[in-house]
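K.L.:
One structure follows; several queries about it will come next.
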């Protein structure tokens, strides 16, 4: 019996009786019979292997062993009440935690709008964001360090579920002074003669670009490799090279004529964006709401691709 765990109901009866000093008062406080209180105390004494109270009629006073146990019992019961209170707080509307993994691009261009709407429904939700490209986001999901990953569709991850949001297209981005921008077309023979400013190697986007041109038995001559979309755009603007990005990350520059977007070729290079999470895990209300808002906010991006 001594090896088994202590029963929380017995500990509560013990703590209440210790404070009241009376089986009658303890029974009234716990809303149970005096007999039930007596049985709980006897069961607890058998479990710990020593006498906890000296009994005189319906009254009881702690033994030395009882005094020592009371210190631990009160601490245990206080922690249990704290845990129960926290769970009750989290179960209330909007009081929860949301841990998101997303690329720097998504953090900059999409999450501000998404979280502005999300806050209207969950004003007290604690939000944390782990920036990183898809490989890192997948790693964080696998380690249970984030709840949802706003990422490109993971490859060969059987334990991850993926909720599609939108599809985008990777295209050439050039300065308006570039010859391609002036003619409005890309000459295939000139593709291999350009200086390219591309997003960091190791990212899914970089791998997709490599695979796209490898089917043509070609490798793009990368001159500059960066992990910042903003820096890439600035370099392309001043004519340092050509880049390959999705137009939605350069909407403002394209509208102002600071950059020009052109197709890679007859075959489009498309990416699938969505929300990844551990397969089989039941999503919370806040997570379901977040996904719904993501779907609404990104609808126009999907429309842009379909209109081309």
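K.L.:
May I ask you to list the residues in segment 180-215 that are more than 35 Å from the chain's Cα centre (by Cα), surrounded by 12 or more Cβ atoms within 10 Å (Cβ to Cβ) and free of Cβ contacts under 8 Å to residues at least 24 places away in the same chain?
P.N.:
None; the set is empty.
K.L.:
Just for segment 43-78: of the residues that are in contact with a helix residue (DSSP H, G or I) (Cβ under 8 Å, 6 or more places away or on another chain) and assigned to a strand (DSSP E or B), which one is surrounded by the fewest Cβ atoms within 10 Å (Cβ to Cβ)?
P.N.:
The initial filter retains those residues of segment 43-78 that are in contact with a helix residue (DSSP H, G or I) (Cβ under 8 Å, 6 or more places away or on another chain), namely 43-44, 47-48, 50-53, 58-60, 62, 65-66, 69-70, 73-74, 76-77.
Among the residues that remain, those that are also assigned to a strand (DSSP E or B) are: 53, 59-60, 62.
On the way: 53: 21, 59: 15, 60: 22, 62: 17.
Out of the qualifying residues, it is 59.
K.L.:
Could you tell me which numbered condition residue 254 fails, if it satisfies all but one of (1) more than 18 Å from residue 190 (Cβ to Cβ); (2) part of a helix (DSSP H, G or I); (3) touching a residue at least 40 places away in the same chain (Cβ under 8 Å)?
P.N.:
(3)
K.L.:
Which of the residues spanning segment 229-250 are surrounded by 14 or more Cβ atoms within 10 Å (Cβ to Cβ) and within 29 Å of the chain's Cα centre (by Cα)?
P.N.:
Listed by number, the residues that qualify are 229, 232, 233, 244, 245, 246, 247, 248, 249, 250.
K.L.:
Of (1) at pLDDT 90 or above; (2) in a helix (DSSP H, G or I); (3) surrounded by fewer than 17 Cβ atoms within 10 Å (Cβ to Cβ), residue 302 satisfies all except one. Which?
P.N.:
(1)
The values are calculated or read from the model by the stated rules, or taken from the named source; none is laboratory data. None of the values given here were measured: they were computed from a predicted structure. Positions of Cβ are backbone-derived with ideal geometry, glycine not excepted, and every protein chain shown enters the neighbour counts.
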